[in-house]
Each structure stands twice: as C-alpha cells, then as structure tokens.
Amino acid sequence: MKPFTYERAASPAQAAAAAIQMPGAKFIAGGTNLLDLMKLQIETPAHLIDVNGLALDTIEPTQEGGLRIGALVSNTDLAADARVRRDYGLLARALLAGASGQLRNKATTAGNLLQRTRCPYFYDTDQPCNKRHPGSGCSAIGGVTRQLGVIGTSDACIATHPSDMAVALRALDATVETVRADGATRRIPVAELHRLPGDTPHVETALEPGELITAVVLPAPVGGTQIYRKVRDRASYAFALVSVGAVLQHDGTGRIAVGGIAPKPWRVEEAEAELANGARAFTTRLLAGARPTRDNAFKVALVERTLAAVLNEARG
C-alpha cells in the first residue's frame, strides 16, 4: 500500500469540495472494496476523505411515500429494516444474497453501488487492463471469460458490475442523490448512474470529479411479487454468473433487471412487454445484440432458465 494523507470530512459539501481540491483523493466509508484495491496497488489514492461521520446513516420516509436511504446505511441494516422487508422485498433479498455477514456489516449503500468489477484481469496487475491503465489493452478479451459480460461490453472492456443491490435498485427505479464540489445537489436515476465502457472503461459512473453520493431514494412501493434469484458457482460468498431481480404483478406485467452479464445492471424496459409470452421471448428481446464469448455463451441460456424459474415461483 502506498502512503496517503487522511482527513475526516465535516459535512457532505466539505467532503466534495476537499475531493476536488486534492487530485487523486478518494472517499472512504466501509472500505470493503477500496482497501483491498489499495493493498494490491490497483487504487493508489494520494488522499483519503473519511465520510463516516456525516450522519448519512438513517432511513427516512419521503413525502412521495418512498424511502430515502442514507449513503452510509450498512447493507445489514438496510436488509433488516422492517419497511424494506415489507415493501421492497426484492432489495432485502438481493442484499442478503451478496457477500458475507461480516462484509455486509461494514459495506455501505453508496459503496455497494460504486464497487469495482471483479474481473480477474483487473485484479492481476501483471496484465494489461484498460480499466486500470487506460489504453493498455484488455487481457480478458481472448482470455478466460466465463464470469465476464455478454452484453453492453466493448472492444476495450468486457467486465461486469458485481453488485446484487444495484440490480434490485434498477428494477425498483431508484434514484441517487449527490452533492457536487460546488455544493450543488442533484438526482441521478440508477439507470443512468453506471456507464457502459465504450472506449473509456475507466470512467464507470456519471458522477463528476468530487461528487459524493448522499442518499438513495426509493419511489413509493409498487407491490407485486418480488424475487431475487442468483445463480453462482457456490452457495454463498460468490458473485453472480447470472442474477434476476423481478417485480411481478398479478396482471402479468412486471419489471426485470439482470445482473452478472453486463457492465451495469441490465434492464430493457421494452423487453418487459414480452413477459406475457414467456421467458424465451423476454430473453430474446433483453439480450438483442449480445456478444458472448465461447466461455460465457452459456449465460444467454442461463438468463432464460433463471427467469423461467422466477416466473414459475411467482405463479406459486
């Protein structure tokens, strides 16, 4: 780990302002991903801004009937919240499908959204990686790609986004609240938070330099049957090969977001019109334009089969 300086932020606006003033600065809260990356010298921040004391650890009702989740609410506390369990069961289930109990105790809501890919070539500092070193190349392309993306990828990067929580938030149409370095606030739909890699895979989100996530807002509950099904290589503490987050209504309509296949939670609203025609029709529309590799072509069939299982479960 390389040397760095450290400060505790006094307010969200002060944290954002400090970040823009110190090139190479990073925010730190739970640190469950950042510290690992620092030990591997994949992340080498010159300065850490500790945001743990910013009182962003509460869950409050909104005037619109939803919930505002502070950026520092732990994954454990969020999954255990009675309102989340009652009205947003998809989110609670997705959270409990991720990581371990110990990690969920430390991991925060904002940190979960901003965690980096688990592409093995990103973590191997002996290998070129456009996400780590822009312009160096992508070792994953032509390498071992079983865990990697089948859609939304580019010729520069085929990494996937690892978050289970983000898949649920995408299906629930959540919005992120932020504060920028100039003190201004804004809202970003989760659908627009994560960027596709294109030619700049190192730019992973729509956040501006220094911009700090302060909360995630859930709209009013939409009811329905809410299911999160995660397919992985072992029963726990593994990232998804494919995951399906679903909100299904009695009239046959629904919302579906899929994880493990793309650089962001993958949802195509137009495909949801095909739900009445079954899992194959939906998957065909969802994955139109997919570019699987020989190693991960199985994910196309796995999405369809996982969704079919979800639809069967919803029917009881």
Discussion item. So for the chain, averaging the separation of alpha carbon pairs under 8 Å that are six or more residues apart and normalising by length, what relative contact order in percent results?
Written reply: 18 percent
Worksheet item: How much accessible surface does Ile227 have with a 1.4 Å probe, in Å² rounded to 10?
Response: 10 Å²
Item to complete: Of the options Val247, Thr178, Leu218, report the single residue whose Cα projects farthest towards the positive end of the charge dipole of the chain (beta-carbon charges: Lys, Arg +1; Asp, Glu -1).
Response: Val247
Worksheet item: Computed from the mean reciprocal separation of all distinct C-alpha pairs, what Kirkwood hydrodynamic radius does the chain have, in Å?
Response: 19.9 Å
Worksheet item: What residue among Arg267, Arg187, Arg229 shows peak mean-square fluctuation when the chain is described by a Gaussian network model with Cα springs under 10 Å?
Response: Arg187
Item to complete: Express in Å², to the nearest 10, the accessible area of Phe27 obtained by rolling a 1.4 Å probe over the protein heavy atoms while all chains stay in place.
Response: 60 Å²
Response to the item:
Percent relative contact order for segment 123-164, counting Cα pairs under 8 Å at least six residues apart, stands at 30 percent
Worksheet, complete the sentence: Quick calc: nm separation of the 7 Å Cα→Cβ label points for Gln21 and Glu270 -> 4.8 nm
Item to complete: Might you work out the accessible area of Cys138 for me, using a 1.4 Å probe with all protein chains in place, and round it to the nearest 10 Å²?
Response: 40 Å²
Fill in: Approximate spin-label separation Ala235-Lys2, in nm, with each point projected 7 Å along Cα-to-Cβ
4.3 nm
Worksheet item: Per residue, how much space in cubic angstrom lies within the convex hull of the C-alpha atoms of segment 1-100?
Response: 116 Å³
Worksheet item: Which value results when the Cα radius of gyration for segment 171-316 is divided by 2.2 N^0.38 Å?
Response: 1.15
Worksheet entry | Most mobile of Pro12, Pro61, Pro162 in a GNM of the chain (Cα contacts under 10 Å) | Pro61
Worksheet item: Largest first, what is the accessible-area ranking of Ile42, Ile49 with a 1.4 Å probe?
Response: Ile42, Ile49
Worksheet item: So what is the accessible area of the chain per residue, in Å², with the probe set to 1.4 Å?
Response: 45 Å²
Practice prompt. Indicate the gyration tensor shape class of segment 5-52 (rounded, prolate or oblate), computed on the Cα atoms with a ≥ b ≥ c the square roots of the eigenvalues: a/c under 1.5 is rounded; otherwise a/b larger than b/c is prolate and the rest oblate.
Written response: oblate
Discussion item. Need the full-extension length gain, Glu208 to Asp155, defined as separation in residues times 0.36 nm minus the C-alpha distance. One decimal, nm.
Written reply: 16.6 nm
Worksheet entry | Per residue convex hull volume, Cα atoms of segment 149-229, in Å³ | 103 Å³
Worksheet item: Do the alpha carbons of any pairs in Lys39/Lys264; Lys26/Lys131; Lys131/Lys264 sit beyond 23 Å of each other, and which pairs?
Response: Lys39/Lys264
Worksheet entry | Whole-percent carbon and sulfur share, accessible surface of segment 225-315, 1.4 Å | 49 percent
Fill in: Sequence of Lys26, Lys299, Lys2, Lys131 from largest to smallest accessible area, 1.4 Å probe
Lys2, Lys26, Lys131, Lys299
Worksheet entry | Per-residue ³J(HN,Hα) for segment 286-297, Karplus 6.51 cos²θ - 1.76 cosθ + 1.60, θ = phi - 60°, Hz, x for Gly and Pro | 4, 9, 4, x, 4, 10, x, 9, 4, 6, 10, 4
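The values are calculated or read from the model by the stated rules, or taken from the named source; none is laboratory data. From a predicted model like this one, the values you see are computed outputs, not experimental measurements. A quick note on method: Cβ atoms are made from the backbone with ideal geometry, for glycine too, and the neighbour counts reach across all protein chains shown. Note: areas computed on protein heavy atoms with side chains; ligands, DNA, RNA excluded. Shrake-Rupley method; radii C 1.70, N 1.55, O 1.52, S 1.80 Å.
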